[in-house]
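The values are calculated or read from the model by the stated rules, or taken from the named source; none is laboratory data. All of these numbers come straight from a predicted model, not from anything done at the bench. For neighbour counting, all protein chains shown are included, and Cβ atoms are generated from backbone atoms with ideal geometry for every residue, glycine included.
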Ligand SMILES: O=C(O)[C@H](O)COP(=O)(O)O
Ligand SMILES: [Mn+2]
Ligand SMILES: [Mn+2]
């Protein structure tokens, strides 16, 4: 049996469950369970397939935890997200995630002792330190308090000139909150200036329009950021970032603010990135920083014309891709997510097909495999990416590519070439993030239709399905007070929730191939996403490794 290093990947046979079943693993992105009211788009939408799973078999449907400590986040107030959710689903264990690792490194001061910080600090004497990243307290990609600590720590350790390139959020936090975050940052920078550090905001833009694209869906997004951050060029110029964000918000929401640069009295950008500077991308989460990391680090790069490629010392907050070793320098070591279920299964003869559309493709591949790009074994795996629509907000096309994903999965199941067919269906999440309730209802219906296609195929081949989600989103579209009542803003308008939630997510198993007596255990009430991998391994006829979180199922004797 193949093994890597000291690790044996051989799995024990399950004492009761057979091998060789075709299994569909369906992840509905952003599909939580919440009380049925008009702001619960999953409830409002027609979702007969998901409804039937819930109503049909009480011991084969349950809820599992998908937020906070159950996915390795710092606190129980942290909502789940795709990275930590798919990591837990794929790896079967709970790893302290980037958010937590950065917290610890900042609290202990170890962040400043590492190679990454030493490397960038060589630029502090003569160059500028640039910090680029998402400015919010969402805790999904980055956190404001971490940026604040880093600003303080770097200036105390010799950074004399600092430029911050902000990406406004409104997706993991309320739309409109960007102004407040910029104010807090400006305040901190003013304090640093009081101490003799030349610290300023240099550029900005909304995260979905500037810099934070993912999975190479639209390089123009990264180019817009490059132009502003590196070249100091943008269609909008302001003397002051608070004024910039307030003004640009008149025509766009936080996620989509156009790029701007801050200029001096001579209309000259105050902080382009030049030779000798240091750059840190402050996001800890990988997917939406990898593209910029490539642009900053790669000599050979042809995704857009960089015009000028400054010789910089660049470090990521974390290393974003363990396989590509990108970026090569980083401030905090990423979680070491090893021996994922995907790796075990290919070593045990399970042929795998994984598919989503571009915006979620890396979720069922890269995140699922522990932030690792590529195949474990190309002979055993096929990953299919359906191109996402480009340049639109997904409330315009709420059906997205759900049916295409359903078709690809169906064909893969019927082909007989695969033992596991794994998909992510993005609609509830991607449309939920737009805050458009009507469109999110359409999105949920489309996702449900895709699930039906997959379940029908499983029915035809006598297979097994396992349907779950990575975190909540579409099940609650408003901000609420402690008793669950929707909150209004100062104009009396509903406060729309564009972000994820802390709600649990459903998990259902079934299909004609499910052995009689298989049911969810009643003694794992706190089960979460990390328990799914052992469950899937069981359904493939194997016992999960000892250190995996326990399985959710048992086989009752009939
Ligand atoms: O990156 C995003 O789109 C959001 O910040 C989080 O959404 P995801 O975790 O579902 O990808
Ligand atoms: Mn997600
Ligand atoms: Mn999301």
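Kindly provide the set of residues from segment 328-386 that are out of contact with any helix residue (DSSP H, G or I) (no Cβ under 8 Å at 6 or more places or on another chain), away from ligand 1 (no atom under 16 Å from the Cβ) and in a helix (DSSP H, G or I), ordered by number. 343, 346, 347 - these are the residues of segment 328-386 that are out of contact with any helix residue (DSSP H, G or I) (no Cβ under 8 Å at 6 or more places or on another chain), away from ligand 1 (no atom under 16 Å from the Cβ) and in a helix (DSSP H, G or I).
Scan segment 483-527 for residues that are out of contact with any strand residue (DSSP E or B) (no Cβ under 7 Å at 6 or more places or on another chain) and buried (at least 20 other Cβ atoms within 10 Å of the Cβ) and the total you get is 2.
When 194, 158 are checked against the criterion of being more than 28 Å from the chain's Cα centre (by Cα), more than 16 Å from ligand 1 (Cβ to nearest atom), at pLDDT 95 or above and closer than 30 Å to residue 321 by Cα, a single residue qualifies: 158. Per the conditions (1) farther than 19 Å from residue 169 by Cβ; (2) touching a residue at least 24 places away in the same chain (Cβ under 8 Å); (3) assigned to a loop (DSSP other than H, G, I, E, B), the sole criterion not satisfied by residue 266 is (2).
Looking only at segment 127-178, how many residues end up being crowded, with 21+ Cβ neighbours inside 10 Å and in a strand (DSSP E or B)? Of the residues in that region, 14 qualify. Screening the candidates 72, 90 for the property of being on the phi > 0 side of the Ramachandran plot and within 16 Å of ligand 2 (Cβ to nearest atom) yields one hit, 72. Might you let me know whether segment 310-330 holds any residue that is touching a residue at least 60 places away in the same chain (Cβ under 8 Å) and at positive phi? Within segment 310-330, not a single residue is touching a residue at least 60 places away in the same chain (Cβ under 8 Å) and at positive phi. Going by the conditions given, is residue 43 in contact (Cβ under 8 Å) with a residue 24 or more places away in the chain, under 19 Å from residue 451 (Cα atoms) and surrounded by fewer than 23 Cβ atoms within 10 Å (Cβ to Cβ)? Taking the combined requirement at face value, the residue satisfies it. All of 384, 346 fail the test of being in the same structural domain as residue 431 (by TED's automatic domain parsing), in contact with a strand residue (DSSP E or B) (Cβ under 7 Å, 6 or more places away or on another chain), without any contact (Cβ under 8 Å) to a residue 40 or more places away in the chain and farther than 22 Å from residue 530 by Cα, apart from 384. Of the residues 161, 200, the single one that is out of contact with any helix residue (DSSP H, G or I) (no Cβ under 9 Å at 6 or more places or on another chain), touching a residue at least 12 places away in the same chain (Cβ under 8 Å) and farther than 24 Å from residue 493 by Cα is 161. If you go through segment 61-73 and pick out every residue that is in contact with a helix residue (DSSP H, G or I) (Cβ under 8 Å, 6 or more places away or on another chain) and part of a helix (DSSP H, G or I), you end up with 2. When residue 393 is tested against (1) part of a loop (DSSP other than H, G, I, E, B); (2) more than 16 Å from ligand 1 (Cβ to nearest atom), exactly one condition is not met: (2).
Here is a check on your reading of the model: is residue 134 modelled with pLDDT of 95 or more, more than 14 Å from residue 283 (Cβ to Cβ) and within 16 Å of ligand 3 (Cβ to nearest atom)? No: the conditions fail for residue 134.
Counting only residues that are closer than 19 Å to residue 210 by Cβ, in contact with a helix residue (DSSP H, G or I) (Cβ under 8 Å, 6 or more places away or on another chain) and crowded, with 19+ Cβ neighbours inside 10 Å, segment 285-316 holds 8 of them. Candidates in segment 459-471 are the residues that are assigned to a loop (DSSP other than H, G, I, E, B) and under 29 Å from the mean Cα position of the chain (by Cα); of these, the one that is farthest from residue 80 (Cα to Cα) is 470. Could you check, for segment 4-25, whether at least one of its residues is away from ligand 3 (no atom under 16 Å from the Cβ) and part of a helix (DSSP H, G or I)? Checked segment 4-25: no residue is away from ligand 3 (no atom under 16 Å from the Cβ) and part of a helix (DSSP H, G or I).
Mind checking whether some residue in segment 477-490 is closer than 18 Å to residue 87 by Cβ, modelled with pLDDT of 95 or more, within 16 Å of ligand 2 (Cβ to nearest atom) and not in a strand (DSSP E or B)?
No, segment 477-490 contains no residue that is closer than 18 Å to residue 87 by Cβ, modelled with pLDDT of 95 or more, within 16 Å of ligand 2 (Cβ to nearest atom) and not in a strand (DSSP E or B).
Only one of 76, 33 is assigned to a loop (DSSP other than H, G, I, E, B), over 30 Å from residue 417 (Cα atoms) and either within 16 Å of ligand 3 (Cβ to nearest atom) or touching a strand residue (DSSP E or B) at 6+ places or on another chain (Cβ under 6 Å) (or both). Can you tell me which? That would be 33, the only listed residue that is assigned to a loop (DSSP other than H, G, I, E, B), over 30 Å from residue 417 (Cα atoms) and either within 16 Å of ligand 3 (Cβ to nearest atom) or touching a strand residue (DSSP E or B) at 6+ places or on another chain (Cβ under 6 Å) (or both). When 422, 410 are screened for being part of a strand (DSSP E or B) and touching a helix residue (DSSP H, G or I) at 6+ places or on another chain (Cβ under 9 Å), only 422 passes. The residues of segment 491-525 that are assigned to a strand (DSSP E or B) and within 30 Å of residue 92 (Cβ to Cβ), listed by number, are 501, 505, 506, 507, 508, 509, 510, 518, 519, 520. Within segment 437-458, is there a residue that is in a loop (DSSP other than H, G, I, E, B) and over 23 Å from residue 86 (Cβ atoms)? No, there is no match, as no residue in segment 437-458 is in a loop (DSSP other than H, G, I, E, B) and over 23 Å from residue 86 (Cβ atoms).
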